[in-house]
Amino acid sequence: MRRFIALLAVVAGTASAADALRPPLLLTARTAAQDLGGTWTYSKDYYRTSLTDINGWVAKSRMQRFRDVDVAAEEKKSGPAFFEFDLDRGPTMTLPGAWNSAVPELRWYDGLIWFQRRFDAKLVPGQRSFLRFEAVNYRASVYLNGKPIAQHEGGFTPFVVEVTDTLRALGNRLVVGVDSKHDAQSIPGEITDWDLYGGITRPVKLIRTPATFIDDATLRLNDAGRLVGSAQLNGPQSANQSVTLRIAALGVTLQARTDANGEARFDTPAPASLKRWSPEAPTLYDVDFEAGADRVRDRIGFRTIAVRGSDLLLNGQPVFLKGISLHEEEIAPNPARRLDEAAARRLLGEVKHGLHGNYVRLSHYPHNETMLRMADELGLLVWSEIPVYWTVDWDNPAVLDKARRMQAETIYRDRNRAALVLWSIGNETPVADNRTRFHAALAQTVRALDDSRLVSAALLVERKGDVIQLADPLLAALDVIAVNTYAGWYGDDTLDRVARLRWDVPADKPLLFSEFGADAQTGFRDATLRRKFSEDYQADYYRATLAMAAQVPTLRGLSPWVLKDFRSPRREHPVFQQGWNRKGLISETGQRKLAFTVLANHYKNLSSPLP
């Protein structure tokens with residue numbers, strides 16, 4: 001009962017507590033940095049002996065991998081001491097990237113691994129230094145030169161720590177303990193339908209700034225046609241400082257002064273020459289923010305997104321979302337979540353140019369920032385999701401707080417991305433009162449932090465004969481309805497019956513088919529029997545489902561499951577799956593299946609904004 005009351009208190013205070021969710025450091029839009037990617041050494045620690053010894057005792061110093069010690073030099077000395085680690089002489093791995101793909105022995109490793117990077121740093125008097133981790137999956141314990149400097153939980157969002165007083169000019173020892181274990185209180189939980197890759201999966205950077213610097217800066221176009229934004233300073237001279245905003249291509253120069261908390265706000269009519277961002281014309285502008293000795297630049301597009309009845313409005317005009325879902329895996333036989341610019345362009349290029357799409361559902365967690373920026377550049381509307389997937393500990397206030405912080409870290413990272421129009425607060429969660437309260441709190445969090453985008457969630461449906469119903473109480477908290485439907489793949493429906501299905505959904509909100517799909521092993525053709533797992537069946541499934549979708553009057557978008565075959569330990573058919581979910585329209589190596597052309601032709605023929 002006390003847990004329930006505590007959860008209600010969190011929900012009630014969501015909006016007022018929004019400021020408390022702001023990460024203490026952001027360092028957004030920083031391009032000048034020392035990249036710490038490359039060769040790292042590592043040491044497995046399955047029993048966590050670096051942290052605790054037998055019987056829960058404090059770990060022995062000979063096991064503490066985070067210590068700033070030259071083991072080889074110490075071993076040359078006489079005496080009773082010895083060591084059971086040496087990260088200087090450990091095996092190596094190229095980071096960023098998941099350890100599951102690095103060496104065969106780590107393919108199914110799930111636990112704690114310690115990583116070390118040695119580096120030199122230029123120390124400049126008066127400057128400050130920070131480490132920015134773009135993602136560590138799942139829990140991170142960070143030590144610099146033997147000192148603990150950061151803890152972070154959540155595998156898909158960035159965190160920043162100041163190291164000005166810990167950094168040295170030569171021989172820095174950065175050690176990161178990465179624990180990939182998930183449990184009943186983690187987000188997501190330990191059972192999913194995708195690979196829970198472990199490791200330092202996104203870049204690590206050393207960033208230098210002046211003593212007072214621009215920690216965060218944002219600008220957007222509001223519904224009234226005005227450019228509104230802010231800049232947040234951090235440092236001893238943050239208050240009452242002049243901040244300048246420039247958009248050279250539009251001839252815009254604005255000045256504002258920071259308040260006592262170091263925040264400056266901007267509000268001005270949008271110039272008549274401003275070109276609104278859209279999938280057809282993804283115009284981006286260089287926006288410069290200057291304060292004292294610091295300057296940051298971000299490339300920002302300006303557009304509006306809204307709902308009117310069952311219509312989605314982009315820049316005031318109805319839009320139909322022609323898209324696909326995808327996981328954060330590069331096209332490769334052994335993906336490692338190395339989503340650099342080239343990998344992102346290849347994936348999203350298949351959507352934009354191959355499928356004639358204008359939309360991508362980045363599921364089921366916040367994807368690499370590179371993916372969002374590439375969507376901005378290519379002109380793809382984006383659904384971004386936090387990993388509240390299937391079920392979590394709905395009644396635990398600590399779990400809700402964890403989810404809200406993940407949501408906040410994502411919003412603060414991506415709120416300048418014009419492509420991003422939908423915040424999803426969950427996927428396929430079972431209807432129950434405690435679950436609905438949990439999601440309602442997340443919806444309130446989103447609106448408190450970013451009221452310029454729409455809120456959705458991928459919901460489950462109920463089936464009564466040939467009628468599919470949606471009566472989820474969470475609908476009241478959503479701007480856009482989204483449903484996952486697999487009639488014709490899971491269950492006993494024939495494809496002929498799929499076309500007869502009718503949808504009983506609210507008429508006053510836009511509906512998205514956030515998922516539908518069927519497995520197919522690339523190259524397995526069965527033109528006669530058209531059996532499941534064949535490319536022929538998958539293509540027929542798409543034809544039937546698209547025909548059904550065309551009869552739903554409030555449907556405003558599609559994101560079938562899924563662009564590319566992806567790793568999933570749940571999928572173990574020895575012929576057709578072998579640890580891969582085969583619902584992709586392309587294989588893991590990029591081969592297009594028959595259904596790819598079916599969907600591409602469907603989108604190409606949607607010449608008007610609405611079907």
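The values are calculated or read from the model by the stated rules, or taken from the named source; none is laboratory data. Since the structure is predicted, the reported quantities are computational estimates derived from the model, not experimental observations. A quick note on method: Cβ atoms are made from the backbone with ideal geometry, for glycine too, and the neighbour counts reach across all protein chains shown.
Brief remarks on what is shown
- Residue list for segment 524-537, restricted to those being in contact (Cβ under 8 Å) with a residue 24 or more places away in the chain and either among the basic types (Lys, Arg) or on the phi > 0 side of the Ramachandran plot (or both): LYS532, PHE533
- Where GLN185 falls short, out of the listed (1) polar (S, T, N, Q); (2) crowded, with 17+ Cβ neighbours inside 10 Å; (3) in contact with a helix residue (DSSP H, G or I) (Cβ under 9 Å, 6 or more places away or on another chain): (2)
- Among all residues of segment 436-444, there is none that is polar (S, T, N, Q), surrounded by 20 or more Cβ atoms within 10 Å (Cβ to Cβ), at pLDDT 95 or above and part of a loop (DSSP other than H, G, I, E, B).
- Count - residues of segment 579-599 that are part of a loop (DSSP other than H, G, I, E, B) and either within 13 Å of ASP195 (Cβ to Cβ) or among the small types (Gly, Ala, Ser) (or both): 5
- Residues of segment 436-457 satisfying the condition of being in contact (Cβ under 8 Å) with a residue 60 or more places away in the chain and over 15 Å from MET406 (Cα atoms): ARG437, ALA440, SER452, ARG453, LEU454, SER456
- Extreme residue, surrounded by the most Cβ atoms within 10 Å (Cβ to Cβ), among residues of segment 580-604 that are of a type outside the set (A, V, I, L, M, F, W, C) and either closer than 17 Å to TYR486 by Cα or modelled with pLDDT under 95 (or both): GLY584
- Qualifying position, being acidic (Asp, Glu) and at positive phi, among GLU385, GLU428: GLU428
- Members of segment 187-205 that are over 13 Å from GLY97 (Cα atoms), assigned to a loop (DSSP other than H, G, I, E, B) and either in contact (Cβ under 8 Å) with a residue 60 or more places away in the chain or of a type in the set (A, V, I, L, M) (or both): ILE187, PRO188, GLY189, ILE191, THR192, ASP193, TRP194, ASP195
- Only one of the listed residues (LEU144, LEU170, LEU174, LEU227) is over 25 Å from the mean Cα position of the chain (by Cα) and without any contact (Cβ under 8 Å) to a residue 40 or more places away in the chain. That residue is LEU144.
- Residue in segment 380-392 that is assigned to a helix (DSSP H, G or I), touching a helix residue (DSSP H, G or I) at 6+ places or on another chain (Cβ under 8 Å) and modelled with pLDDT of 95 or more present: no
- For segment 302-329, residues that are crowded, with 17+ Cβ neighbours inside 10 Å and either among the small types (Gly, Ala, Ser) or out of contact with any strand residue (DSSP E or B) (no Cβ under 9 Å at 6 or more places or on another chain) (or both) total 3.
- Residue list for segment 26-43, restricted to those being buried (at least 17 other Cβ atoms within 10 Å of the Cβ) and modelled with pLDDT of 95 or more: LEU26, LEU27, LEU36, GLY37, TRP40, THR41, TYR42, SER43
- Whichever residue in segment 344-377 is within 16 Å of the chain's Cα centre (by Cα) and without any contact (Cβ under 8 Å) to a residue 60 or more places away in the chain and, among such residues, is nearest to ALA102 (Cα to Cα): ALA344
- Residue match in segment 348-357 (condition: over 16 Å from LEU563 (Cα atoms), of a type outside the set (Ser, Thr, Tyr) and buried (at least 21 other Cβ atoms within 10 Å of the Cβ)): no
- Annotation: of all residues in segment 75-103 being outside any loop (DSSP other than H, G, I, E, B) and of a type in the set (D, E, K, R), the one that is nearest to PRO158 (Cα to Cα) is ASP88.
- Filtered by the rule that a residue be in contact with a Ser or Thr (Cβ under 7 Å, 6 or more places away or on another chain) and not hydrophobic (A, V, I, L, M, F, W, C), segment 254-275 gives GLN255, ARG257, THR258, GLY262, GLU263, ARG265, LYS275.
- Within segment 479-494, residues that are farther than 15 Å from ARG361 by Cα have Cβ atoms under 6 Å from residues that are acidic (Asp, Glu) in these pairs: ALA487/ASP493, counting only partners at least 6 apart in sequence or on another chain.
- Residue selected from segment 104-153 under the condition assigned to a strand (DSSP E or B) and aliphatic (A, V, I, L, M), by the criterion surrounded by the most Cβ atoms within 10 Å (Cβ to Cβ): LEU131
- Test: residue in segment 276-293 that is charged (D, E, K, R), surrounded by fewer than 15 Cβ atoms within 10 Å (Cβ to Cβ), within 29 Å of SER514 (Cβ to Cβ) and touching a residue at least 60 places away in the same chain (Cβ under 8 Å): yes
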